[in-house]
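No lab work stands behind these numbers, since they all come straight from the coordinates. If you're wondering where the values come from, they're calculated on a predicted model, not measured in any experiment. Cβ: placed from backbone, ideal geometry, glycine included. Neighbour counts: every protein chain shown.
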Amino acid sequence: TSNNDNDNDNNNNSNTNSNSLYNSLSIPRGASILSISDAELAIQTNIRNNKYSIMELIELNGDKDADRASLALFAIFVGSTTSAIATQNNLPGPEIIRFVISWVLSFLSLIFVG
């Protein structure tokens, strides 16, 4: 029966490989429960550092990305609010048009929040 099981596994693997998108690899069951050492992770990620561990470096990079994203969102918020004020004060035309344009510019940054 073990030969039949191996044949079934081979058939399942060939079916999985033929159905995979962009010729990608399939991850075997139970692969996520295996732990990886810091040395193996350093080799795979090509990060070599004696001062910090790999996980600390990943956290530092993630924090930097979050800081950049929040700074970009703040700049968009300030820019859209300033544009709305300038539009309301300087745009010629009917009052309703100025109101609608400045309202849209005021809330433009909320597109990125949710």
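In sequence order, segment 35-41 has phi-based couplings of 8, 10, 7, 5, 5, 5, 5 Hz under the Karplus curve 6.51 cos²θ - 1.76 cosθ + 1.60, θ = phi - 60°, and Gly or Pro positions carry x.
Express in nm, to one decimal, how much length is gained between Ile33 and Ile101 on full extension, taking 0.36 nm for each residue of separation and deducting their alpha carbon distance. Provide the component values of the computation, followed by the final result.
On the way: separation 68, 0.36 × 68 = 24.48 nm, distance 5.43 nm.
Extra length from Ile33 to Ile101 when fully extended: 19.0 nm.
Taking label positions 7 Å along the Cα-Cβ direction at both Ser53 and Phe74, the computed distance is 3.1 nm, reported to one decimal.
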